[in-house]
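The values are calculated or read from the model by the stated rules, or taken from the named source; none is laboratory data. All of these numbers come straight from a predicted model, not from anything done at the bench. Cβ coordinates were reconstructed from backbone atoms using ideal geometry, including for glycine residues, and neighbour counts include every protein chain displayed.
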């Protein structure tokens with residue numbers, strides 16, 4: 001395995017300095033295989049259960065699949081043509097953009113404030129942190145179901161509260177109107193994204209050394225100036241990581257829409273994720289066309305992952 | 001940053017005045033904090049209050065915040081209303097076994113990559129980092145097709161494999177971070193004291209990386225416990241569905257038992273929230289370490 005200590009910091013690309021010439025081919029082979037018992041199982045599990053579905057998905061997108069799931073032969077680009085002929089596709093894609101951008105932007109802005117609050121000193125801060133964690137730990141599906149119930153036309157507390165404070169004068173059937181339903185579902189998506197995001201920002205805030213603020217104070221910088229000139233720039237790495245992970249999570253968000261409106265009426269509140277699911281598993285069910293949608297979605301996510309790799313500064317060598 | 005207690009020069013003008021302003025600031029902060037806490041808890045409070053209402057109060061308009069009659073029996077009756085005991089067993093088995101597998105596979109990989117340089121190390125870490133971003137939701141069609149091909153639809157094994165594999169990258173990543181942060185010299189000191197490799201690992205490295213281990217375990221367990229899309233897609237028999245898939249069944253076009261739906265939800269949510277609170281302080285550390293979801 002390792003016999004040198006100075007191998008520290010030498011990237012993975014430079015294998016440990018080769019011991020003198022006499023290394024036999026057998027020993028070299030032995031060295032190359034040495035990591036296998038350690039990392040082999042992980043590679044196998046990831047390949048079999050995470051990567052295989054990717055390949056299977058791409059393959060399915062060019063197959064003709066019957067509604068019972070049997071493969072009837074190849075179809076070439078037929079599934080993709082069906083997909084692009086869907087009259088709802090354009091509006092679904094546009095809505096997906098609004099959904100992702102809107103939810104992530106609001107989440108980040110609110111989390112910046114929340115992170116400050118959770119970092120400030122006041123009695124009971126611990127308990128406030130615990131409270132903020134709750135939607136992170138709880139099932140998103142169950143959280144979405146509570147909101148659905150709270151938004152109920154007849155029996156929901158949202159109508160009762162809004163009527164009580166005079167914002168509306170009679171109950172509103174929130175989830176039956178696409179625009180209002182979208183607004184509420186975006187709020188629920190923000191609600192479940194806030195804990196993770198504000199904890200990333202809190203973690204970022206805690207890495208900023210106190211003396212940086214001390215120096216700013218000595219220089220006579222005001223509070224706003226300190227925040228925009230020092231805190232925010234130093235938070236940049238945390239913000240970028242949080243933003244990209246949120247974009248991917250929100251893009252993949254399924255339970256909220258599926259539980260609250262089912263993407264309906266029609267597909268007026270679908271994003272491309274729920275749309276993909278419905279193509280395969282509702283009505284006549286076309287798994288092939290759904291796979292085509294999934295491939296399109298996946299390509300978008302891959303682009304995001306590449307951006308993410310750039311942001312975390314992956315240079316093809318060991319991190320830390 | 002307003003909560004910092006370092007006195008500013010101008011606070012000295014009148015000691016009483018400065019102290020008062022400071023105290024007022026802390027009070028305002030605390031007030032805002034409790035309000036925020038309430039907003040985050042409110043939906044779950046409504047869950048609890050609804051779970052405690054009798055049937056007739058659920059369909060009363062306008063609704064009331066508190067139950068008029070507190071029906072604690074809902075939490076007893078719910079076990080008879082549906083086979084949720086079975087669903088809970090499924091959730092528990094899937095989450096526990098998936099966590100065990102993920103950990104058993106992640107530990108050696110994370111330890112080896114943290115301690116050794118070898119050909120392919122960078123590629124392996126890249127694989128981990130990239131697959132960490134793959135969500136089962138995006139791949140559900142592929143997972144479904146694979147499970148059909150392997151004849152694993154409607155089995156616990158299928159659910160276990162998916163949950164173990166998709167949480168594995170996170171486990172490798174966080175454990176790798178912890179192992180890397182423990183100086184090799186500590187293990188070498190143990191060798192000098194006559195400890196073997198295994199002993200050095202179990203007596204020195206593992207105890208020091210306990211926070212990482214606990215975080216990986218709890219995070220994976222909760223992820224599997226809450227998983228919905230894959231379970232919804234590949235299971236069909238009621239007694240092989242986890243709680244997340246079973247719970248919505250209380251409210252359909254045929255029956256509307258919101259009180260049972262929320263009673264079951266609370267039974268599912270409360271234990272994992274408590275678990276999560278345990279890893280709160282490590283989460284902050286783990287998130288700072290870099291790219292962790």
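What the table below lists for this structure:
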{"read-out": "Scan of the stretch B:132-152 for residues that are on the phi < 0 side of the Ramachandran plot, surrounded by fewer than 22 Cβ atoms within 10 Å (Cβ to Cβ) and either over 25 Å from the mean Cα position of the chain (by Cα) or part of a helix (DSSP H, G or I) (or both), ordered by number", "value": "B:148, B:149, B:150, B:152"}
{"read-out": "Search result, residues across the stretch B:14-68 that are out of contact with any helix residue (DSSP H, G or I) (no Cβ under 8 Å at 6 or more places or on another chain) and not in a helix (DSSP H, G or I)", "value": "B:14, B:59, B:60, B:61"}
{"read-out": "Candidates B:207, B:211, B:248, filtered to the one that is more than 11 Å from chain A (Cβ to nearest Cβ), surrounded by fewer than 24 Cβ atoms within 10 Å (Cβ to Cβ) and touching a helix residue (DSSP H, G or I) at 6+ places or on another chain (Cβ under 8 Å)", "value": "B:211"}
{"read-out": "Meets criteria (touching a residue at least 24 places away in the same chain (Cβ under 8 Å), facing chain A (nearest Cβ under 7 Å) and buried (at least 24 other Cβ atoms within 10 Å of the Cβ)) for residue B:168", "value": "yes"}
{"read-out": "Looking only at the stretch A:187-209, and only at residues there that are at pLDDT below 90 and more than 9 Å from chain B (Cβ to nearest Cβ), the one that is farthest from residue A:129 (Cα to Cα)", "value": "A:209"}
{"read-out": "Selection status of residue B:95, part of a helix (DSSP H, G or I), under 28 Å from the mean Cα position of the chain (by Cα) and at the interface with chain A (Cβ under 9 Å from one of its Cβ atoms)", "value": "no"}
{"read-out": "Failed item in (1) in contact with a strand residue (DSSP E or B) (Cβ under 7 Å, 6 or more places away or on another chain); (2) surrounded by 16 or more Cβ atoms within 10 Å (Cβ to Cβ), with residue A:74 passing the rest", "value": "(2)"}
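Conditions (1) surrounded by fewer than 23 Cβ atoms within 10 Å (Cβ to Cβ); (2) farther than 30 Å from residue A:85 by Cα; (3) within 11 Å of chain B (Cβ to nearest Cβ); (4) in contact with a helix residue (DSSP H, G or I) (Cβ under 9 Å, 6 or more places away or on another chain), marked per residue:
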residue: A:235; (1), (2), (3), (4): yes, yes, no, yes
residue: A:246; (1), (2), (3), (4): no, yes, yes, yes
residue: A:251; (1), (2), (3), (4): no, no, yes, yes
residue: A:278; (1), (2), (3), (4): yes, no, no, yes
residue: A:310; (1), (2), (3), (4): yes, yes, no, no
